[in-house]
Amino acid sequence: MMLKLGFVLAFCAVAAAGCNKPPFQTYLSFAKNGNKYDFRVSIAEDKLYISCKYNGADIDDGSGWNMAGRRLTHVAAKDLNADGYPEVYAFYDLPSSWPSIKAITCIKSACSQIGVEGAAGGPAPENYCGEDAYSIENNLIVRKYRLCNKKPTAGDGFGTIAYKLSRNSFGYILNSVDTPVPPASR
């Protein structure tokens with residue numbers, strides 16, 4: 001009986017040790033005008049980290065955004081404002097009407113966080129019902145979400161918000177814009 005109990009306890013210990021999620025890690029590159037940026041995007045201990053190298057030299061290792069209860073859906077390195085410097089966008093699922101984007105922009109010597117309009121709260125988009133999906137189209141971040149209309153309406157049942165990267169006195173921010181975006185489709 002003791003031997004059997006020992007095997008059961010050993011099996012449980014091995015099974016429990018295997019339940020730890022391996023950390024997520026991916027690499028992105030961006031090159032323009034002879035300058036190369038290499039990014040590492042990782043999740044460790046429920047924190048999202050984005051680090052950068054410029055032409056092989058470390059320039060930033062930061063972020064540390066809380067990702068507890070969230071799942072990273074995709075990442076992209078782009079230059080949405082065409083200034084020659086890349087941004088890294090990390091999109092994640094969040095059961096909320098707030099935008100679910102974390103982003104940084106990098107120059108030759110440092111990286112800085114990009115703010116997102118509406119990320120700190122505020123009213124939900126009209127008839128918002130979740131199921132957000134993000135894409136990058138025509139130098140805009142496009143957010144598509146399901147509509148919860150009380151009465152039937154024409155259309156495909158999805159709303160769209162477009163965000164444009166701009167700079168203000170506080171730094172970079174993704175602002176919502178009234179730009180014609182192709183109808184959302186799934």
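The values are calculated or read from the model by the stated rules, or taken from the named source; none is laboratory data. Every value quoted in this text rests on a predicted model; they were computed, and no experiment measured them. So basically every Cβ, Gly included, is an ideal-geometry build from the backbone, and we count neighbours across all protein chains shown.
Things to note:
- Of residues in the range 33-82 being assigned to a loop (DSSP other than H, G, I, E, B) and among the small types (Gly, Ala, Ser), the one nearest to LEU174 (Cα to Cα): ALA82
- Test: residue in the range 84-97 that is of a type in the set (D, E, K, R) and either surrounded by 16 or more Cβ atoms within 10 Å (Cβ to Cβ) or under 11 Å from the mean Cα position of the chain (by Cα) (or both): yes
- Of the set (1) surrounded by fewer than 16 Cβ atoms within 10 Å (Cβ to Cβ); (2) closer than 30 Å to LYS36 by Cβ, all apply to SER100 but (1).
- For the range 113-129, a residue qualifies if it is surrounded by 14 or more Cβ atoms within 10 Å (Cβ to Cβ) and in contact (Cβ under 8 Å) with a residue 24 or more places away in the chain, and the qualifying residues are GLN113, ILE114, GLY115, VAL116, GLU117, GLY118, ALA124, PRO125, ASN127, TYR128.
- Any chance GLY18 is over 28 Å from ARG146 (Cβ atoms), at pLDDT 85 or above and either charged (D, E, K, R) or out of contact with any Asp or Glu (no Cβ under 8 Å at 6 or more places or on another chain) (or both): no
- Selection from the range 39-50 of residues that are farther than 15 Å from LYS78 by Cα and buried (at least 16 other Cβ atoms within 10 Å of the Cβ): SER42, ILE43, LEU48, TYR49
- Selection of the range 75-95 for residues being on the phi > 0 side of the Ramachandran plot and not aliphatic (A, V, I, L, M) yields only GLY84.
- Tabulated pairs, the range 39-58, first free of Cβ contacts under 8 Å to residues at least 12 places away in the same chain, second among the hydrophobic types (A, V, I, L, M, F, W, C) and part of a strand (DSSP E or B), C-beta under 9 angstrom, 6+ apart or interchain: ASP58/CYS52
- Answer residue from the range 157-186, given it is among the charged types (D, E, K, R) and at pLDDT 70 or above and is surrounded by the fewest Cβ atoms within 10 Å (Cβ to Cβ) among those: ASP178
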